[in-house]
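Here's the structure we're looking at; comments come further down.
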Amino acid sequence: MRHPLKVCGIAALGFALAGCVTAPMDRASTGPSRMGFDGRWGDTTGVAVSTLQGGTFTSTATDTGSVLARGTYRNLSPTRIAIEYTRLSNGDRIAVNCDQMAAERLACVNSTGTRFELTRRA
């Protein structure tokens, strides 16, 4: 008779321990990693920081704070945007497509085929 009691006791212990196991941590609690385009993005050269906010694009020089370009962007998919902007120095209009490769990284190509990356800034 003791054998069935041991089995029941071990099963009860297993169920009790199973109740202590937590679900995987929510992605939001692991840090500031987030998808989406709104925010500040820096180029890899450190020359400019681009701000994307509610469909508006602005590029600012990191050394002087001067606005270098203004424009707009639109979502093409949850991970791709199209940016159209005008350089204030010469009036050139530029078109760029960017793919969000990771929460903190955009891989972009402009209308002339030049590739560049942007990284999310705090």
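Relative to the current alpha-carbon distance between L76 and T45, full extension at 0.36 nm per residue lengthens the span by 8.5 nm.
Calculation over all alpha carbon pairs of segment 34-82 in 5 angstrom steps from 0 returns a P(r) of 5, 21, 29, 24, 15, 6, 1 percent.
Around the amide H of R121, modelled in the peptide plane, lie the amide H atoms of R40, W41, G42, all under 5 Å away and 5 or more residues distant in sequence or on another chain. Compute the signed sum of charges (Lys and Arg +1, Asp and Glu -1) over the other residues within less than 9 Å, Cβ to Cβ, of R105. Summing Lys/Arg as +1 and Asp/Glu as -1 gives -1. The label-point distance for S66 and E117, in a model that sets each label 7 Å from Cα toward Cβ, rounds to 2.9 nm. Taking one quarter of the surface of the C-alpha convex hull of segment 34-121 gives a mean projected area of 5.2 nm². In segment 34-121, Cα pairs under 8 Å separated by at least six residues give a relative contact order of 24 percent.
Every read-out reported here was derived from the displayed coordinates using simple, explicitly stated rules and does not represent laboratory data. Quick caveat, the model's predicted, so the values are computed rather than measured. Neighbour counts are summed over all protein chains in view; Cβ atoms, including those assigned to glycine, are modelled from backbone coordinates with ideal geometry.
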